[in-house]
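Q: Sharing a structure with you now.
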Amino acid sequence: ALQLVWFRSDLRLNDNRALAAAAARGPVLAVFLHSPAQWQAHGHGANKIDFWRRGVAALAEALGELNIPLLQRGIADFDAAPRTLLALAREHHAETLHFNREYPLNERRRDAAVQAAFSAAGLGSHGHHDAVAFAPGELLTGKGDYYGVFTPFAKAWHRHITAERLALADAPPAQTLPGIPSEPLPALDAALADEAIVGHQWPAGEAAADRLGHFLRYRSRHYLEQRDFPGVHGTSELSPYLALGMISYRQCLNAVMAENDGQLNEGDAGLAAWVNELVWREFYQHVAAGFPRVCRYQPFKQGTLALEWRDDDEGFAAWCEGRTGYPLVDAGMRQLVATGWMHNRLRMVTAMFLAKHLLIDWRRGEAFFLRHLVDGEFAANNGGWQWAASTGTDAVPYFRLFNPTTQSTRFDPDAEFIAHWVPELAPLPPRARHNPPAAERGRLGYPRPIVEHKAARQRALAAFKALG
Ligand code: FAD
């Protein structure tokens, strides 16, 4: 009997649990629901939405080669998902709906509503766990709680991981399914299309696999030394692909094991460090599922709810536009706006600068990131922001503030990244670019620092101390 597979953030044929399970039971009919208005309501911007669409187009092509039709429907919001899917299932006499689970609150609610509708109609539905090694709730502390700290989570993850959990699911076989034509991609709203940065550096689809190969061949052995330097392509740059499931974390981990004598946590130190980043990714998915308050604009640390953030629209605009007068911060923000991606070191530096130096509500920064990031993903973004703002799990102690100038001399030692993204400072000798003298700033049209580091630090400490 016909199996309906609903794709969402799992845009791949290979190692896709829902697709493999469906294909094992019968011919497959694939469906994707485009809901740009809902994605925007969740804060995603043009870059990610455009990448999503390109990913669906690539998926349609790959499915087409196996003669698996892909139906595409535009829906206004998640509320329309149950009736749209139910109508398709009835029209095509599908037996069961398959999908891979997503863990943030609204996605779980949407999926529960879909499953309730299917069950009320006497149809089967199955939510598969695919995006993470352990379903949320499978790894808990000794007291039976979700982990609120990364290190013990990671230890438990490594203790319990098995080859079986990481086994790759088969790609579906070619099928013969007569009479159902694939449907074209719905048009993208002109305003969104205009805003999207054409991402030739992010070709959509399972081309991600080549990127993984490239990382393992050329970058992974230097990962430990190079991953913190924004001016070096030292990381995998796989985040957009992982966020939309164009590659699976299992494919990543299997490739690591193949290079590393079957090991994940030992052996090559660069590979082990990289695996750790994938465990961070999983950790934040568990946090989103286990502490749903973080999905409701709440801090993980409830004691920080009363923190008095400053109302400072001018400061916020200067941060967004990369004119805080701190060259490394400005370079990172300009990279984000110009490319839809920012290096991890700079995500930490710029996020902490907004939340601590400017003492502006981290949620404004979180939203700005999500609107621009091509890899924008709720759990990782929220986790990273709350970390930087000292409101989250593992949060940096509130009294720790990166000194942006020190970060600059350490992680962009030749100030080449700065020269690229803040070209008005390029005429200066490299050492002067980290913190140009006032006269040079005036001459080059570069702003003075918007806040003074020590004073900003005192102000942030006072605000946190006032929480008692
Ligand atoms: P690599 O170093 O090659 O890491 C491999 C993969 O591990 C990444 O692709 C990503 O999937 C995962 N990963 C790495 N670091 C983290 C982390 N700290 N938390 C969760 N997963 C991680 N990552 C996103 O994917 N989407 C986001 O929206 C996002 N927002 C962030 C916001 C802030 C404030 C901070 C501090 C971090 C954020 N990150 C986010 C995490 C991290 O910055 C990116 O995943 C990373 O820079 C992507 O580059 P890469 O693929 O080359 O990473």
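The values are calculated or read from the model by the stated rules, or taken from the named source; none is laboratory data. Quick caveat: nothing in here was measured; it's all calculated off a predicted structure. Neighbour counts are summed over all protein chains in view; Cβ atoms, including those assigned to glycine, are modelled from backbone coordinates with ideal geometry.
Q: Could you list, in sequence order, the residues of segment 319-334 that are touching a residue at least 24 places away in the same chain (Cβ under 8 Å), crowded, with 21+ Cβ neighbours inside 10 Å and away from the ligand (no atom under 11 Å from the Cβ)?
A: Within segment 319-334, 319, 322, 324, 326, 327, 328, 329, 330, 331 meet the criteria.
Q: Let me ask something additional. Consider residue 413 carefully, then state whether it is in a loop (DSSP other than H, G, I, E, B) and farther than 30 Å from residue 308 by Cβ. Don't jump to the end; show me each part of the working.
A: Details: in a loop (DSSP other than H, G, I, E, B): yes; farther than 30 Å from residue 308 by Cβ: yes.
Yes.
Q: If we scan segment 365-382, do we find a residue that is touching a residue at least 12 places away in the same chain (Cβ under 8 Å), of a type in the set (Lys, Arg) and either within 22 Å of residue 316 (Cβ to Cβ) or within 16 Å of the ligand (Cβ to nearest atom) (or both)?
A: yes
Q: Kindly indicate whether any position in segment 351-373 is β-branched (Val, Ile, Thr), assigned by TED's automatic domain parsing to the domain that holds residue 423 and crowded, with 24+ Cβ neighbours inside 10 Å.
A: no
Q: Here's a follow-up. Mind listing whichever residues of segment 83-108 are under 26 Å from residue 296 (Cβ atoms) and in a loop (DSSP other than H, G, I, E, B)?
A: 101, 102, 103, 104 - these are the residues of segment 83-108 that are under 26 Å from residue 296 (Cβ atoms) and in a loop (DSSP other than H, G, I, E, B).
Q: Same structure again: From 219, 211, which residue is within 19 Å of residue 52 (Cα to Cα), assigned by TED's automatic domain parsing to the domain that holds residue 275, of a type in the set (D, E, K, R) and near the ligand (Cβ under 10 Å from one of its atoms)?
A: Answer to the selection: 211.
Q: Here is a list: 379, 419. Which entry is in a helix (DSSP H, G or I), closer than 23 Å to residue 152 by Cβ and not β-branched (Val, Ile, Thr)?
A: 379
Q: Then there's this: With the structure loaded, tell me whether residue 344 is over 20 Å from residue 449 (Cα atoms), surrounded by fewer than 23 Cβ atoms within 10 Å (Cβ to Cβ), within 11 Å of the ligand (Cβ to nearest atom) and not assigned by TED's automatic domain parsing to the domain that holds residue 44 or whether it fails that test.
A: Spelling it out, residue 344 is indeed over 20 Å from residue 449 (Cα atoms), surrounded by fewer than 23 Cβ atoms within 10 Å (Cβ to Cβ), within 11 Å of the ligand (Cβ to nearest atom) and not assigned by TED's automatic domain parsing to the domain that holds residue 44.
Q: State yes or no: is residue 250 within 14 Å of the ligand (Cβ to nearest atom) and buried (at least 16 other Cβ atoms within 10 Å of the Cβ)?
A: It is true that residue 250 is within 14 Å of the ligand (Cβ to nearest atom) and buried (at least 16 other Cβ atoms within 10 Å of the Cβ).
Q: Going by the structure shown, is residue 250 of a type in the set (Lys, Arg), in a helix (DSSP H, G or I) and closer than 22 Å to residue 155 by Cα?
A: So residue 250 passes the test.
Q: If I go through segment 273-310 residue by residue, how many of them are touching a residue at least 12 places away in the same chain (Cβ under 8 Å) and in a helix (DSSP H, G or I)?
A: 23
Q: With (1) away from the ligand (no atom under 11 Å from the Cβ); (2) acidic (Asp, Glu); (3) under 30 Å from residue 296 (Cβ atoms) as the list, and residue 412 as the residue in question, which single condition is left unmet?
A: So residue 412 meets the others, but not (3).
Q: How many residues does segment 292-341 contain that are within 16 Å of residue 373 (Cβ to Cβ) and among the basic types (Lys, Arg)?
A: Step one: filter segment 292-341 for residues within 16 Å of residue 373 (Cβ to Cβ), giving 319-320, 322, 332-341.
So of that shortlist, the ones also among the basic types (Lys, Arg) come out as 334.
Looking only at that region, the number is 1.
Q: Here's a follow-up. Kindly indicate whether residue 206 is modelled with pLDDT under 90, on the phi < 0 side of the Ramachandran plot, acidic (Asp, Glu) and part of a loop (DSSP other than H, G, I, E, B).
A: Criteria met by residue 206.
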